[in-house]
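Novice: Just dropping this structure here.
Here, each number is a calculation from the coordinates, and none is a lab measurement. This one's a predicted model, so the numbers in the text were calculated from it and none came from an experiment. Because the Cβ atoms are built from the backbone with ideal geometry, glycine has one as well, and the counts that use them run over all protein chains shown.
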Amino acid sequence: MSQRYKYGMRFYEFATTKPKKPRKPQKPMTPAQSMVAAKKRQVELAKQALQSVKDQQKRRKEAERTRQISYIEPLPKSAS
């Protein structure tokens with residue numbers, strides 16, 4: 001074995017062969033916890049929907065602005 005590979009494994013092999021711990025099963029939620037979790041999911045979905053509408057309005061406004069600018073700017077005169 002050469003001096004270069006004294007230990008047999010390279011650093012990236014250590015990083016990729018690390019065993020993963022098994023996930024512990026979650027306990028079932030109580031009805032109150034379930035309701036709170038459902039409300040949190042609803043709030044998150046509502047926030048995402050609001051953000052997507054805002055983004056869509058921004059894109060529409062920007063497209064309208066560029067369209068208006070193209071009408072306002074005079075066409076370049078041809079050099080003859």
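Novice: FRET efficiency for Q26 and Q48, Cβ-Cβ distance as r, R0 = 22 Å, nearest 0.05?
Specialist: Numbers: r = 24 Å, r/R0 = 1.10.
That gives a FRET efficiency of 0.35.
Novice: At 7 Å along the Cα-to-beta-carbon direction for both S34 and K61, put a label point, then send me their distance in nm to one decimal.
Specialist: 4.3 nm
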